[in-house]
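Participant: Just passing along the structure, written as structure tokens.
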Amino acid sequence: MVLEGNPEVGSPRTSDLQHPGDKGSCILSSPGEEALPGEEPIKYGELIVLGYNGCLSSGDKGRRRSRLALSRRPHANGVKPDVMHHISTPLVSKIGRSTENMIDFVVTDTSPGGGTTEGPSAQSTISRYACRILCDRRPPYTARIYAAGFDASSNIFLGERAAKWRTPDGLMDGLTTNGVLVMHPAGGFSEDSAPGVWREISVCGNVYELRDSRSAQQRGKLVENESNVLQDGSLIDLCGATLLWRTPAGLLRAPTLKQLEAQRQEANAARPQCPVGLSTLAFPSPARGRTAPDKQQPWVYVRCGHVHGYHGWGCRRERGPQERECPLCRLVGPYVPLWLGQEAGLCLDPGPPSHAFAPCGHVCSEKTARYWAQTPLPHGTHAFHAACPFCGAWLTGELGCVRLIFQGPLD
């Protein structure tokens, strides 16, 4: 099955997510009138890849980055259904690579802990052309998501094992092999947010209940009262990478990097101390990166939340390599360094850094921690796990996060 875009409407630079080789990618497009000369660029929103805390481990470069702003193009390049071909033999078509110019954003599979599964032995599960995002060029600049993307021949490309069918109005529709899932939060992406229900999006933008497994041939039930319009806080899962959609209005409510840095300095100015070693603790500067913890790094017992400096006592190796006994309350559990969350777009509010995810130790506000700790993210063919949005580590414990208990200076 091939769905072609009309070349008279524009090139297929809609928002597709494609793979470099076998990695995923995305195309972003906006249909409508041309921009006026000298007109200020209009920002539609931003896509943030979960698990990288503000920057890819290899650095944000070109179309491969942890965050991408979607802005109005000088020339519209939207598409609409045009010619539909029925063929008896598979069409030989160039397969997508991240160097092709119709690709706007390249994503790679994210592993728990913030790494990628790149390498010759890594088998990606993201569709080579994963999805498109189509943005209206007129207010309110509505953004809609569609499964599948355009190949080098400007045809929508689906694998031969992907589910396909004819709609009542005579068009062809389908799903990518492992699916494009979307979840809209209840109450928007704010202090009152709650996780919504995960749905699957088709090539034509229709909404379906989830299949029995990600690659099942039988599609889910059509959900007629829901749409493919992205909202602030909508999550997009590509079976290997999960992205967060933020609107310009939503980003105005999020903390800025300057605010996060001011919070770090304020926390350090309080001179928290290790309650046993009595050494002064301090969160490291983000410019230092996540290297080995230094001697002032705060560490936490993630079961109780007591914050200490690093020490070597209390090991309970019979319970696991990271298991330690807190010297204050005697609870045994993981003992990890604390790292401040640096991707401001993942935060629901500008609250103080009071909670840490368990077991990774990333720190953020209480409302941000509690929201992500109760948000199930797709994993594998049919599993869901809550995960730290800053590094992708699966959360553990009853709540998935813990309130931090600092001891102030004694003088």
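The values are calculated or read from the model by the stated rules, or taken from the named source; none is laboratory data. Remember, predicted model here, so these are calculated numbers, not experimental data. Neighbour counts run over all protein chains shown; Cβ positions are idealised from the backbone, glycine included. For accessibility, only protein heavy atoms count, side chains too; no ligands or nucleic acids. Shrake-Rupley method; radii C 1.70, N 1.55, O 1.52, S 1.80 Å.
Participant: How about the range 326-336: which of its residues are open to solvent by 20 Å² or more (accessible area, probe 1.4 Å) and either closer than 19 Å to GLY400 by Cα or touching a residue at least 40 places away in the same chain (Cβ under 8 Å) (or both)?
Facilitator: Once the filter is applied, which keeps residues that are open to solvent by 20 Å² or more (accessible area, probe 1.4 Å) and either closer than 19 Å to GLY400 by Cα or touching a residue at least 40 places away in the same chain (Cβ under 8 Å) (or both), the range 326-336 yields PRO327, LEU328, LEU331, PRO334.
Participant: To continue, here is another question. Could you grab me the full set of residues in the range 251-268 that are surrounded by fewer than 12 Cβ atoms within 10 Å (Cβ to Cβ) and either among the aliphatic types (A, V, I, L, M) or at positive phi (or both)?
Facilitator: Residue satisfying the conditions is LEU252 alone.
Participant: Select from the range 143-198 the residues that are charged (D, E, K, R) and more than 20 Å from ARG214 (Cβ to Cβ) and list them in ascending order.
Facilitator: Within the range 143-198, ARG144, ASP151, ARG166, ASP169, GLU191, ASP192 meet the criteria.
Participant: Going through the range 215-243 one residue at a time, which ones are touching a Leu at 6+ places or on another chain (Cβ under 8 Å), charged (D, E, K, R) and either on the phi > 0 side of the Ramachandran plot or assigned to a loop (DSSP other than H, G, I, E, B) (or both)?
Facilitator: ARG219
Participant: What are the residues in the range 174-201 that are β-branched (Val, Ile, Thr) and closer than 24 Å to PRO248 by Cβ, if any?
Facilitator: VAL180, VAL182, ILE201
Participant: Oh, and also: Could you look through the range 395-404, keep only residues that are modelled with pLDDT under 95 and of a type outside the set (Gly, Ala, Ser), and pick out the one that is surrounded by the fewest Cβ atoms within 10 Å (Cβ to Cβ)?
Facilitator: Checking each candidate, the answer is GLU398.
Participant: Tell me, yes or no, whether the range 218-228 has at least one residue that is more than 30 Å from GLU366 (Cα to Cα), open to solvent by 40 Å² or more (accessible area, probe 1.4 Å), free of Cβ contacts under 8 Å to residues at least 40 places away in the same chain and among the aliphatic types (A, V, I, L, M).
Facilitator: Checking the range 218-228: at least one residue is more than 30 Å from GLU366 (Cα to Cα), open to solvent by 40 Å² or more (accessible area, probe 1.4 Å), free of Cβ contacts under 8 Å to residues at least 40 places away in the same chain and among the aliphatic types (A, V, I, L, M).
Participant: Tell me yes or no: at least one residue of the range 282-291 is surrounded by fewer than 20 Cβ atoms within 10 Å (Cβ to Cβ) and farther than 23 Å from PHE357 by Cβ.
Facilitator: Looking through the range 282-291, none of the residues is surrounded by fewer than 20 Cβ atoms within 10 Å (Cβ to Cβ) and farther than 23 Å from PHE357 by Cβ.
Participant: A further question on this structure: For residues that are at pLDDT below 85, open to solvent by 30 Å² or more (accessible area, probe 1.4 Å) and over 18 Å from CYS401 (Cα atoms), tally how many sit in the range 299-325.
Facilitator: Adding up the residues that qualify gives 8.
Participant: Filter the range 186-206 down to the residues that are surrounded by 15 or more Cβ atoms within 10 Å (Cβ to Cβ), within 30 Å of ALA369 (Cβ to Cβ), of a type outside the set (D, E, K, R) and without any contact (Cβ under 8 Å) to a residue 60 or more places away in the chain and list them by number.
Facilitator: Selection gives GLY196 alone.
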